[in-house]
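First up is the structure itself, then whatever we jot down about it.
We did not get these values from a lab; they are worked out from the coordinates using the rules stated. Computed from a predicted model, the values in this text were never measured in an experiment. Cβ: placed from backbone, ideal geometry, glycine included. Neighbour counts: every protein chain shown.
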Amino acid sequence: MAHPPSSDGDLRRIATDPDAFEAFYREHVEAVQRFVARRVDDRERAADLTAEIFLATIASAGAYRPGRGTPVAWLFGVARNVLADDRRRSARELRATSEIVGRRLLDDDDIARIEARLDAAARSRALYAAIATLPENERTVLELVAVDDLPVAQAAAALGIRPVTARVRLHRARRTLRARLAPDDSPASAPTLEVAP
């Protein structure tokens, strides 16, 4: 019976050893599902993307190098790439669809429900909007650390940068968010994104 890869083991085996892949999948599927669920609101699409991420890990397992980061950091890097590809594909499909199909009309009840949801999520929207304005290199570190709960060192490995670089980018991102979200220059009212080093 094959032994599953350890956290610092040789992940390249998951491409050829079904037992190693199954152990890797079981160990990390919940983290990947949370990662996807925070970025995708459609359940079926989230399930499809989770499957695509694990298929991509099999396809790219030969590229994994233990000295460049932990398996989980590598896995989050693969997940980021799969989601980026999906966003680009979705944008192309949306453009094509919008050329063919007109806007769907909403009735008053639909509009009322949408407005209630938007009002209920106002603070979150402001935070996400502020995060979206960050430079990509700062935003990706912030998302991996504050949203996906990766330690800074693992986020750095997932992004292929040094931990000190990740810490600097994280500090800049948090400082920028505080400034943008604090009304009337009141830092106390801005949401905090506390992270472990």
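Approximating the spin labels as points 7 Å out from Cα along Cα→Cβ, the TYR25-to-ARG117 distance works out to 3.1 nm. Karplus-derived 3J(HN,Hα) values for segment 23-32, using 6.51 cos²θ - 1.76 cosθ + 1.60 with θ = phi - 60°, are 5, 5, 4, 4, 5, 10, 4, 5, 5, 5 Hz; glycine and proline are entered as x.
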